[in-house]
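Below is the structure I would like to discuss, written out as structure tokens.
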Amino acid sequence: MPKLVIQNWVDWGRSFVDTDGSFYCGTTPEQKQTAAHVSRRADLWLYLTDVHPRSSREFQAHGGLYPAHNLVKKDWTHAAALGVAPGKNVSPEITAPLRAIVTGKPAGLIVPRHVFFQDYNGGRPVPCFSFRDVEETFGVRKLDPVAFLDGAVQYVVNAKHMFSGALLQSTEWMNSPWSRELRESEAAFGVPSIEMNVFTLLKEKYGQGEGLVINHTGVVMGICIYQTASGIKQIFPKAEVNIIADGATHLLAPHLGFSEEAAADTALRGMCQQVGVNYLRSRDL
């Protein structure tokens, strides 16, 4: 039985990996080239990317840990108010070398329901942006799940706001006491009525994941890449789940845990081994 190769591009957004990015993580041209090289072998490309409103509690301007990054397009004009230096990019759009691989391929966008409520802090839930806002940010229209399951879609942009692109969050608690008012708000904002992501659809189609090879490249290794890959291994325990180390970036910042790449490499290799994820170099594929 031939294997289906899925390439997960984790947070390859311009604000993370391009040198003018507002939260540039140190990604090198060589890492981008390696990611592009291994990605050309895939049958399906999934771009798992942060998408935030300007009010995100992740941002240092609001007491969070990280510089402002990956704003929806309608909020780009607010970058300076969030402490972003002039000329810095806050876009979540995929970096150019990878965009070139999927340009012209049938595409679709998924925004899980919980992503619209990432700023919720008690009281009545209000969407922080609309589905149309995210479509305009990426230039990709809403995914048709039936077309995807039929194999007619080759490239999926899957928005997220948590570290793991595989993770979902229950929104069932929103049903009361404000359910009627919330439904009206959701209809206006285009918020989906159920909680799902692209892996929900892949689970429906492939079950335990036998015959799937799921490769990961992107940023940053110890946060979003590891958490996504380990989560996917739990969803698809029979799949071959790989992290391609030379197509990914470690966040080397002493105040965030690692200052030396060799130490980060050793730690991540052991962490991956504990959960059944392969930590490889591109030459090992």
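Throughout, read-outs are computed from the coordinates displayed, never taken from laboratory work. In this text, all values refer to a predicted model and were calculated from it rather than measured experimentally. Backbone-built Cβ (ideal geometry, glycine too); neighbour counts: all protein chains shown.
When the chain is treated as a GNM, springs tying every alpha-carbon pair under 10 Å, which of T49, T266, T28 comes out with the largest mean-square fluctuation?
T266
Show me 234-241, 166-173 ranked by packing, highest mean number of other Cβ atoms within 10 Å first.
Values: 234-241: 17.8, 166-173: 14.1.
Going by the mean number of other Cβ atoms within 10 Å, highest first, we get 234-241, 166-173.
Let me ask you something else. Determine, for each peptide in 277-283, 143-149, the mean count of other beta carbons within 10 angstrom over its residues, then list the peptides with the highest first.
For the peptides 277-283, 143-149, the packing ranking is 277-283, 143-149.
When the dipole is taken about the Cα centre of the stretch 5-79, and only Lys, Arg (+1) and Asp, Glu (-1) are charged at their Cβ, what size is it in debye, to the nearest 20?
With only Lys, Arg, Asp and Glu charged at Cβ, the dipole is about 160 debye.
Next question. Provide the gained length on full extension for the span A263 to R132, in nm with one decimal, where the gain is 0.36 nm per separating residue minus the Cα-Cα distance.
Here the segment from A263 to R132 would lengthen by 42.9 nm.
With bins 5 Å wide starting at 0, give me the P(r) of the stretch 1-58 over every alpha carbon pair, in whole percents.
4, 16, 20, 23, 16, 10, 7, 3, 1, 0
All other residues with a Cβ under 14 Å from the Cβ of F148 taken together, and with Lys, Arg as +1 and Asp, Glu as -1, what is their net charge?
On the way: positive: K105, R141, K142, K203, K205; negative: D43, D144, D150, E204.
With Lys, Arg at +1 and Asp, Glu at -1, the neighbours total +1.
Okay, moving on. Kindly rank 267-274, 123-130, 108-115 from highest to lowest mean number of other beta carbons found within 10 Å of each residue.
Listed from highest to lowest mean packing, they are 108-115, 123-130, 267-274.
OK, next. Residue by residue through the stretch 227-239, what is 3J(HN,Hα) from phi via Karplus (6.51 cos²θ - 1.76 cosθ + 1.60, θ = phi - 60°)? Round to whole Hz and write x for glycine and proline.
After applying 6.51 cos²θ - 1.76 cosθ + 1.60, I find 5, 5, 4, 5, x, 5, 4, 6, 6, 10, x, 8, 7 Hz.
Considering the options I243, G231, Q154, tell which one lies farthest towards the positive end of the dipole of the chain, charges being +1 on Lys and Arg and -1 on Asp and Glu at the Cβ, about the Cα centre.
Q154
How many angstrom lie between the Cα centre of the stretch 132-205 and the Cα centre of the stretch 264-285?
That distance is 30 Å.
Once you keep just the Cα pairs under 8 angstrom separated by 6 or more residues, what percentage relative contact order results for the chain? Walk me through the intermediate numbers first.
Values: 566 pairs, mean separation 63.0, N = 285.
Relative contact order for the chain comes out at 22 percent.
Please work out whether the stretch 106-222 counts as rounded, prolate or oblate from its C-alpha gyration tensor, where a ≥ b ≥ c are the square roots of the eigenvalues and a/c under 1.5 means rounded, while otherwise a/b larger than b/c means prolate and anything else oblate?
prolate
Cut-off 17 Å, label point 7 angstrom out along Cα-to-Cβ of K3: give me the residues of the stretch 231-245 whose amide nitrogen falls inside.
232-234, 236-245
Another one. (1) 15.0; (2) 15.8; (3) 18.4: which one is mean projected area of the Cα convex hull in nm² as calculated from this entry?
Comparing each candidate, only (1) matches the computed number.
Anyone know which of S164, S259, S91 comes out most mobile in the 10 Å Cα GNM of the chain?
Residue with maximal mean-square fluctuation among S164, S259, S91: S259.
With unit charges on the beta carbon (Lys/Arg positive, Asp/Glu negative), name the residue among G63, W12, H78 whose Cα is farthest towards the positive pole of the charge dipole of the chain.
Of the candidates, W12 comes out farthest on the positive side.
Looking only at the stretch 84-128, which residues have a backbone nitrogen under 13 Å from a spot 7 Å from the Cα of W178 in the C-beta direction?
Inside the label zone: 117-128.
Output ³J(HN,Hα) for the stretch 74-81: one whole-Hz value per residue in order, computed from phi by the Karplus curve 6.51 cos²θ - 1.76 cosθ + 1.60 with θ = phi - 60°, and x for Gly and Pro.
Result, rounded to whole Hz: 5, 9, 4, 6, 9, 4, 4, 5.
Please compute the net charge surrounding D18, taking Lys and Arg as +1 and Asp and Glu as -1 over other residues with Cβ under 15 Å from its Cβ.
Working: positive: R14, K32, K88, R99; negative: D11, D20, E30, D50, E93.
Here the count lands on -1.
Summing -39500 (n - 2.57) over the DSSP H runs of n ≥ 4 in the chain and dividing by its residue number, what mean residue ellipticity at 222 nm do you reach, to the nearest 500 deg cm²/dmol?
-8000 deg cm²/dmol
Moving on. How big is the charge dipole of the chain about its Cα centre, in debye rounded to the nearest 20, if each Lys and Arg gets +1 on its Cβ and each Asp and Glu gets -1 on its Cβ?
My answer is approximately 300 debye.
Oh, and also: Mind telling me which of I223, I243, I232 comes out most flexible in a GNM of the chain, alpha-carbon contacts under 10 Å?
Greatest mean-square fluctuation among the candidates belongs to I223.
Using the basic label-point model (7 angstrom from Cα toward the beta carbon), what is the H37 to M196 distance in nanometres?
3.8 nm
Now for a different question. Take the cross-link list K3/K160; K3/K88; K88/K205; K3/K74; K73/K205 and give me the ones stretching past 31 Å between alpha-carbons. Walk me through the numbers before you get to the answer.
Working: K3/K160 27 Å; K3/K88 41 Å; K88/K205 41 Å; K3/K74 40 Å; K73/K205 33 Å.
Checking Cα-Cα distances, K3/K88; K88/K205; K3/K74; K73/K205 exceed 31 Å.
Okay, next question. Add +1 for every Lys or Arg and -1 for every Asp or Glu among the other residues with Cβ under 13 Å from the Cβ of Y66, and state the total.
Net of charged neighbours comes to -2.
Taking the Cα centre of the stretch 124-259 as origin, work out the dipole magnitude from +1 charges on Lys and Arg Cβ and -1 charges on Asp and Glu Cβ, in debye rounded to 20.
Taking the Cα centre of the stretch 124-259 as origin, the dipole is about 160 debye.
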